[in-house]
Structure formats: structure tokens, C-alpha cells
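Report on the structure given below.
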Amino acid sequence: MNQLENISAQSIQTETLLEKVIEAWTLLHTQQPLVHCITNSVAANYVANVLLAAGASPAMIDNPFEAESFANIASALSINLGTPTTEQMQAMKIAAQTAQIKAMPWVLDPVGYGTFLKWRSEMVDQLVLLKPTIIRGNASEISTLAGNQVQSKGVDSTLASDDVYQTALTLLECTECVAISGESDFILSKELDITIKVNGGSYLQPKVTATGCALGALIAAYGAVTTPTLAALAAHIHFAIAGKLAFEKTQSVGSFNVAFLDAIYEINAEKIYEYADFEVLK
Amino acid sequence: MNQLENISAQSIQTETLLEKVIEAWTLLHTQQPLVHCITNSVAANYVANVLLAAGASPAMIDNPFEAESFANIASALSINLGTPTTEQMQAMKIAAQTAQIKAMPWVLDPVGYGTFLKWRSEMVDQLVLLKPTIIRGNASEISTLAGNQVQSKGVDSTLASDDVYQTALTLLECTECVAISGESDFILSKELDITIKVNGGSYLQPKVTATGCALGALIAAYGAVTTPTLAALAAHIHFAIAGKLAFEKTQSVGSFNVAFLDAIYEINAEKIYEYADFEVLK
Amino acid sequence: MNQLENISAQSIQTETLLEKVIEAWTLLHTQQPLVHCITNSVAANYVANVLLAAGASPAMIDNPFEAESFANIASALSINLGTPTTEQMQAMKIAAQTAQIKAMPWVLDPVGYGTFLKWRSEMVDQLVLLKPTIIRGNASEISTLAGNQVQSKGVDSTLASDDVYQTALTLLECTECVAISGESDFILSKELDITIKVNGGSYLQPKVTATGCALGALIAAYGAVTTPTLAALAAHIHFAIAGKLAFEKTQSVGSFNVAFLDAIYEINAEKIYEYADFEVLK
């Protein structure tokens, strides 16, 4: 292919992906999938509100005694390592095993993965062996998980997503899809053998806690209605557009948080078509 | 009684109930009762803010080591099974026993009751034996608790409240009052031998997480200042009016959530008198 | 010194303190210190959002298996006894010990300290022996901790801060600084041998849950960049100004909560200079 043909092929692919994202959004609203969430105490309320606003039906079942039976009726599973307890850790493992057995899509968000948080990092290593459908995190977490040495600063990233995404390709041995959030987001797809860069959002998003956690749960929700790559792409586009629209309304964190939830709820096919901003990198 | 007399008797009863609801609202503000809450990680912040906005004094004491001593100084107790832990389960049982012994009003909210969440459902069965003053839940939960076979979908209801309320009357053997939330709310009273239907609210309420949980806690708060039936009625009217007023201001979920809390706080006797919309069914 | 000289000396001191508070605010934004928070389920989301809005980098690490390693990389620690679990209790002790060993500033917020909440109160007594850098609480908690008999009402104060602050001076044997929140706030400093009264805020602040908890965490954040007394002073001024500015925008609790977070984020040197309202009492 010469360069022109290549560009043309890419723009056809981009257009096709966009159509499928809109289809996924529609399916999420019509099917309202039940999403089993095991998340942290900081994010629980926000995650539930984001999923409800997006049209899904969230349930936070994070005890080991109900994790299996509930994973068995859910349509997707989201596991987030933010503030684990011993009981949550047991629940995570049971729920992930159940998801693997019934081939239910599940998302692993390895919050804080790294040297200084060993307990959760060891659990993440065990969960990775259960083949999460999608792994999503910030650049520091994903880079460390891919085996790189990273200077950690708590649960916030110290790296830029564009510096990391290529080294994260090795993670595709353990999962269908890797999603890295940052100023730009990167989605690494095994199924399509491409990397997608998603632009948009707002610099205020990292200033509101739990946005990353909610993004992980939203990927899981989309995972119930479409393929792993499209689930990650749809969720990131949904978030990036909501961030953009919220920022147009307000530039302060408290009101941004409210406007963001409004925008998650108000998004529709037209807005996705108008505002989605992503490119296929290879 | 002929039909006209019957209608007239009912409208007198409605008027009397409304006066008593306003009285309860006033007492809640003047007495600011201490409400002992054992609730879930999704709802904790929201429940506390709703109770504070309504004039009560909430305290989330959910460990088994302090549950008894704290229940002993509280004026009401609210138990919610949303995201139970082993320690919370122990605390629930201790607090409920303490409430029973001191004859303190307490509310049981059996979130997710049903086949797929056995651990909590067995605890609910045990708690029901301790005679909760009021049992409140959505139509699925209440119907299942009343012994019916229900298709569960996580923690959201799959049934309409008007299809369920008559089958729930059997629960009055275990409690003074049953409250079922839905598009319309139903309050089943043992003390008055009536069923009350409360209209109002907004279709957005189920789109905001933890509204049901907060409603349960608000019933408990009112329970500290009035009878079980009036407590349930006052709380449901308070919520329905707040939902209506919030929806007049905004039709998106994030800002609705904020406007709803504002409305909970801004309600007063005049607004209750103007907007309360309920009817006595028998 | 005659009286005029005394007043003049005090106003110089006030001016100097104000300059240092502005310096601390600047440092908080440039250094974005990592703050290790162990807090309650009601406050977790709010605390994280307040710290992010103020420029700090919060991380809620509340399990005993990671408390030591994380405290070792953090710049400050905030311990809040709101809704303790057994695992959190273990984490608190480990983190506090780690802070003491590495001489990291840490804040103790003894939520609900008193006769009816013995489990946490005994833990608070143990934590006090580990010499918290700053102890902060409402008037009831601080007064009880200072050995006075207080009628408790859950986690809200039954006392006024001005009636309590003098009896709390004895606590300076265990800590560098005591901060008492209320209609006016009082900061008792061992290092400067003064008491500072901070005015401002809004009567709506106690109507929003977790504001006290967030204040404790903000003191810890400032503690990473300045001395204990200045950290307490800067955090209280930051809060009082935010409360004042938020109240100018709205007088209802839901929207106040949002406006308050906006104001925490929007504060700058000019606003601190213009609105800070405090006096040195001795």
C-alpha cells in the first residue's frame, strides 16, 4: 500500500470503529446489563452513579460469601484494587475465577500496583493469571505491571501515557486488551492487532477522585454488550466526551464533578458522532 | 357506609394524616434525633448528608464492638444490607437485639434479598425474627421477603410496586409497617390497618444510587419522633416532594442529585401541605 | 509592655502568620505532597476530593499489610476514627508507629471519642501515646480527650469550641498542636506558646457530613510543607474562606457542598490575604 491508500484504509477503519461504538452505546441502554463491581471505599458511590448514568445496572457485591453466586448472574465484572480488605481480596479471586469459568468479560484495575503496595500487587499478579478480559490503569500502574521499574507516587501516575503504551504491548499475552488512561488514552487490542489513541477529556479529570475507577467499571459495562476492544474504546470515548462537555460548562472541580455525571447521562449517538476523537496508530 | 360517606371518611383521614406528617417534620427539626446507621459503602456519605439535611443527627457505627453501647444512646436505628462485611453483620445483629430490648424503633432495608445473595438473605431472615419496626425495600425485595418467587436483577427491582403490595401484607406478622418504594410507594400499616399510596418523586430517583438506602435511614429518623406508619409516610412524602422539586430544577442525574439534597433541606410545613400527594387505599 | 505596644506586637505576629500561611499554600501546590489517609467510609470520597482540590495527592491505604511500606513513602499521615474496622485499627497503629519512627507529621482525628464508643476510644488512647503531631476534633471530642466529662451525642459536638479550648491546653503534653473546630476554631500551639482563634466559615458546614474529616486530612497535607501550628492554621483558614465563599453562592446544603469544593480549589494567595480572619489570643 502506498501512503495515501494507507491513510484511506485507516480512515475507513476509524469510521467503522465509530459506528460500532455508537452501536455499543445503544446496546448498553437497551440491555442495561448487570455489572458486578468490587471496588474501593473512595469510589463506590461514584462508580455506581456513573454506571447508572450510562444506562447500566451496577451492584457492589464485595464479600466472599456471595461473590460466586452473584458473578454467575451478572453480565460483566469489574475488579478494582483501590482499598482492599481481606474479605474483598477473597471476593475478587472467587469472582474472577467464576468469570473465567463462564467466559464473562471482566476488567482488572490494578490501582497502586508497585513496590510499595505489595499485598495488592501480589493479588494482581494472581488475578492476571486468571486472564482478565481487559486490564486498565494509569501509565505508572500499567508500566509497572508490564515489568518496568517505575517511581511510584501513591495511586496517581508519575508517567505520561504516550511514553508507556509501547512497552505495555507485552501485557497482551495475559489479556485481550490493555487500556491506559492519561492526557491521551491508549487502547492496545490483541483482537484487532492495533493501538488506538483517544483524545479529549479535561485536565480536571485527575483532580476528581475515582474517575479512573469509574472508567474501569464502565469498560466492564460495555464489555457486556460488545467485544473487549470496542468496550474499552466506547468507555474511553464516553468519558472523554463527558469530560469535554463538562469542562465547557465549568472549570472548577466540585461543579465539574456534577457536570461530568450530567454529561455521562446526556451523551447520545449524535454527540458520540460529533465529538469522538481517536486515531488508529497501527 | 355508602360510597359518599366512605370518600368523606377517607378525606378526613387523609387530612389528619397530613397534619401528623407536618407535626413529625417539625419534631424532627426540633429534636434532631441521634440515628444509629449501619449502611453500605456506596450509600454511607449520601445517607449521612440526607439525614443532616433533614434535621437529624446521623452516626455510622457499624462495628460489633460498639454497636450495643451506641444503640443504647441512639433514638432510632437503620440497618441496610447493601455491602455487608462479617463485622457489619455482627454489628447488625447486636444493634437490632439492643433496639428490640429497649423498644427503640428500627428499620430493616433488605437490599438484594433473594436467591443469589444467600449470605445477606439468611441474615435478613434472622433480623426479621427480631421484629423490625418497619421493613422497607423495593418491590423485588419485599415480594421475595413475603415468600414469592421473583426474578432478581442485582439490587434493582424487576417488579412494579403496585403489583406487589397486596402480597406483602403477610409481612405485617413480623413488623408494624411495610414500605415499598417504586414509581408509586406503598405503605402497609398494621397499627392503622390501612394501605397508603404515595405519589410523586421523579423517574430520575432510581438513576441516582443510594436513594433507597437514604429513604430507609430517613424513615428511622422520623421513627424517633412519631409512630411507625407516620414515620414511613412522612419520610416517603419528604422524598417524593424533594424529588418533584429537584426535577423541576434539572433533568440530569448529577445536578438532580445536588438539587435533591437541596430540596430535602428546604422542605417545610408549607411545602408539605402544598405538594404531599397520597391516598388511603382501604 | 503597655497595652498599645501589646496590640502592636500582636498585629505584627498576625501579619507574619498570614504571610507564612500563604507560603504554606504555595508550597502545597508546588510540592503536591503524598498524604497517607486512613479514614472512614462516610468521608473517604470527600476527603480525597478535598485534598485533590487543595493540590495534595491523597492515597487511602487502610489495610495493615501495606500501612508500613506506604507510610514510609508518604509525606504526611492522617488518621480518622470515624468507622473503624479491625483491619483499619491495625493499619492505624502501624502507620502511626511508622510516622513516629521517621518523624513524619501526622494528624489524629478522634471521631466520636467518649464513653459510648469505647473500642475506638481505647485505640485513640494508644495512638496518643505515639505522639501525634496534631490532634484535631470538635469541642466534645477534644474536651473528653482532655479528661473532662462530656455528654456525648454521637459524632456531633454538644459543646461550643470557646467553652472548651482552655481546658484542652493539657493535651499539649501529648502533641505539638491541638485544633478544635466549631463556630469559631481554636488552634493551641506548643511551638509558639499561643492560642489562635479562626473565624469565618458557614453555619452550613456542620450540615454537610465529613467536613471535619476532610479538615483533618488537609491539616496533614499542610503538615508536609510547614510546621504543625502553621499547618493547622493554614488548613483552618483554607476551610473558613471556602465556607464563606461557598455560602455567598448558595444557602442550601447540596449546592453548598459543591460550591465548597469549588472554593477549596479556587483559593489563592490573594483570597487568603483578603479573607483570612484570625486573632492571636495570647
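The values are calculated or read from the model by the stated rules, or taken from the named source; none is laboratory data. The model shown is predicted, which means the values in this text are computed figures rather than measured ones. Neighbour counts are summed over all protein chains in view; Cβ atoms, including those assigned to glycine, are modelled from backbone coordinates with ideal geometry. For the accessible areas, the whole protein counts, side chains as well, though only heavy atoms, and no ligand, DNA or RNA atoms are used. Shrake-Rupley method; radii C 1.70, N 1.55, O 1.52, S 1.80 Å.
Taking A:GLU274 and the conditions (1) in contact with a strand residue (DSSP E or B) (Cβ under 9 Å, 6 or more places away or on another chain); (2) away from chain C (no Cβ under 14 Å), which numbered condition does it fall short on, given that it satisfies the others? Status for A:GLU274: all satisfied but (1).
Which residues, taken from segment C:22-54, are more than 9 Å from chain A (Cβ to nearest Cβ) and more than 28 Å from C:VAL155 (Cβ to Cβ)? The answer is C:ILE22, C:GLU23, C:ALA24, C:TRP25, C:THR26, C:LEU27, C:HIS29, C:THR30, C:GLN31.
Inclusion of C:ILE101 among residues that are more than 10 Å from every other protein chain (Cβ to nearest Cβ), at pLDDT 95 or above, out of contact with any Lys or Arg (no Cβ under 7 Å at 6 or more places or on another chain) and closer than 24 Å to C:VAL155 by Cβ is not warranted. Contact map, segment A:45-65: first residue within 18 Å of A:ILE94 (Cα to Cα), second residue of a type in the set (Lys, Arg) and modelled with pLDDT of 95 or more, Cβ cut-off under 9 Å, separation 6 or more or different chains; pairs are A:ASN63/B:ARG120; A:PRO64/A:LYS93; A:PHE65/B:LYS118; A:PHE65/B:ARG120.
Filtering segment C:84-123 to residues that are hydroxyl-bearing (Ser, Thr, Tyr) and under 15 Å from C:ILE73 (Cβ atoms) leaves only C:THR98. When residues of segment C:222-251 are filtered for being open to solvent by less than 30 Å² (accessible area, probe 1.4 Å), among the hydroxyl-bearing types (Ser, Thr, Tyr) and in contact (Cβ under 8 Å) with a residue 40 or more places away in the chain, how many remain? The number of residues fulfilling the criteria is 2.
Is one or more of the residues making up segment A:204-218 basic (Lys, Arg) and more than 14 Å from chain C (Cβ to nearest Cβ)? Steps first, please.
Initially, segment A:204-218 is screened for residues basic (Lys, Arg), giving A:207.
Okay, now just the ones that are also more than 14 Å from chain C (Cβ to nearest Cβ), so none.
No: zero hits.
Within segment B:172-201, if we keep just the residues that are surrounded by fewer than 20 Cβ atoms within 10 Å (Cβ to Cβ) and under 23 Å from B:GLY82 (Cβ atoms), the residue that is modelled with the highest pLDDT turns out to be B:CYS174. Could you grab me the full set of residues in segment B:263-282 that are part of a helix (DSSP H, G or I), over 24 Å from B:PRO105 (Cβ atoms) and in contact (Cβ under 8 Å) with a residue 40 or more places away in the chain? Hits for segment B:263-282 are B:TYR273, B:TYR275. Scanning segment C:198-213 for residues that are more than 27 Å from C:LEU77 (Cβ to Cβ) and free of Cβ contacts under 8 Å to residues at least 60 places away in the same chain gives C:SER202, C:TYR203, C:LEU204, C:LYS207.
Filter segment C:62-84 down to the residues that are more than 7 Å from chain A (Cβ to nearest Cβ) and β-branched (Val, Ile, Thr) and list them by number. Steps first, answer last, please.
Let us first name the residues in segment C:62-84 that are more than 7 Å from chain A (Cβ to nearest Cβ), namely C:64, C:67-68, C:71-72, C:74-84.
Correct list: C:ILE79, C:THR83.
Can you tell me which residue in segment B:127-160 is modelled with the highest pLDDT, limited to those that are within 24 Å of A:LEU51 (Cα to Cα) and hydroxyl-bearing (Ser, Thr, Tyr)? By that ranking, first place goes to B:SER140.
What number of residues within segment A:217-256 are closer than 22 Å to A:ILE22 by Cβ and assigned to a helix (DSSP H, G or I)? Explain how you work it out, then say what you get.
In the first step, residues of segment A:217-256 are kept if they are closer than 22 Å to A:ILE22 by Cβ; the result is A:217-246, A:248.
Then drop every residue that is not assigned to a helix (DSSP H, G or I), which leaves A:217-223, A:228-246, A:248.
Of the residues in that region, 27 qualify.
Taking the conditions exactly as written (within 14 Å of chain C (Cβ to nearest Cβ), over 14 Å from A:ALA220 (Cα atoms) and of a type outside the set (Lys, Arg)), does A:GLN88 satisfy them or not? In short, yes.
For segment A:6-20, name all the residues that are touching a residue at least 12 places away in the same chain (Cβ under 8 Å) and out of contact with any Leu (no Cβ under 6 Å at 6 or more places or on another chain). Reasoning before the result, please.
Keep residues of segment A:6-20 that are touching a residue at least 12 places away in the same chain (Cβ under 8 Å), which gives A:10, A:13-14, A:17-18, A:20.
Once the filter is applied, which keeps residues that are touching a residue at least 12 places away in the same chain (Cβ under 8 Å) and out of contact with any Leu (no Cβ under 6 Å at 6 or more places or on another chain), segment A:6-20 yields A:GLN10, A:GLN13, A:THR14, A:LEU17, A:LEU18.
Per the conditions (1) within 14 Å of chain A (Cβ to nearest Cβ); (2) open to solvent by 10 Å² or more (accessible area, probe 1.4 Å); (3) without any contact (Cβ under 8 Å) to a residue 12 or more places away in the chain, the sole criterion not satisfied by B:GLY254 is (2).
Taking the stated definitions as given, is B:ALA224 of a type outside the set (Lys, Arg), touching a strand residue (DSSP E or B) at 6+ places or on another chain (Cβ under 9 Å) and farther than 30 Å from A:GLU266 by Cβ? Quick ask: steps written out before the conclusion?
On the way: of a type outside the set (Lys, Arg): yes; touching a strand residue (DSSP E or B) at 6+ places or on another chain (Cβ under 9 Å): yes; farther than 30 Å from A:GLU266 by Cβ: yes.
Here the answer is yes, as B:ALA224 does meet what is asked.
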